1. Which one of 44, 70 is at negative phi, in a strand (DSSP E or B) and either surrounded by 11 or more Cβ atoms within 10 Å (Cβ to Cβ) or within 13 Å of the chain's Cα centre (by Cα) (or both)?
2. Check whether at least one residue in region 15-23 is at pLDDT below 85, surrounded by fewer than 14 Cβ atoms within 10 Å (Cβ to Cβ), in a loop (DSSP other than H, G, I, E, B) and in contact with a strand residue (DSSP E or B) (Cβ under 8 Å, 6 or more places away or on another chain), and report yes or no.
3. Could we say that residue 99 is exposed (fewer than 12 other Cβ atoms within 10 Å of the Cβ) and modelled with pLDDT of 80 or more here?
4. Hey, could you check region 73-91 for residues that are within 21 Å of residue 19 (Cβ to Cβ) and out of contact with any helix residue (DSSP H, G or I) (no Cβ under 8 Å at 6 or more places or on another chain) and say which is modelled with the highest pLDDT?
């Protein structure tokens, strides 16, 4: 129950446009050259049981002492399956109008 309340709090907070430090992210990321030079990448970490490039990316960032932020002022749609294209178009029209 406590976990569910924490998750609800996080999602309510992220619903307010702003920049927030988070423990993980996926999809559309802006990565600085400094992070890349420190070794941040999406390669699989063999000793983990979770096979997800996003998870490995965030785990590696944490180990390297790098912070992850999300900017909810500019929502992004994580498109990873061709079937999601219609949803992506609807999402962008909702947030950005007919500019696409």
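The values are calculated or read from the model by the stated rules, or taken from the named source; none is laboratory data. What you are looking at is a predicted structure, and each value in this text was computed from that prediction instead of being measured. Virtual Cβ from ideal backbone geometry, glycine too; neighbours counted across all protein chains shown.
1. Working: 44 fails: in a strand (DSSP E or B).
The conditions single out 70.
2. Yes.
3. Numbers: exposed (fewer than 12 other Cβ atoms within 10 Å of the Cβ): yes; modelled with pLDDT of 80 or more: no.
Criteria not met by residue 99.
4. Step one: filter region 73-91 for residues within 21 Å of residue 19 (Cβ to Cβ), giving 73-78, 91.
When the remaining residues are screened for being out of contact with any helix residue (DSSP H, G or I) (no Cβ under 8 Å at 6 or more places or on another chain), the result is 73-74, 76, 78, 91.
Details: 73: 86, 74: 79, 76: 76, 78: 74, 91: 83.
Among those that are within 21 Å of residue 19 (Cβ to Cβ) and out of contact with any helix residue (DSSP H, G or I) (no Cβ under 8 Å at 6 or more places or on another chain), it is 73.
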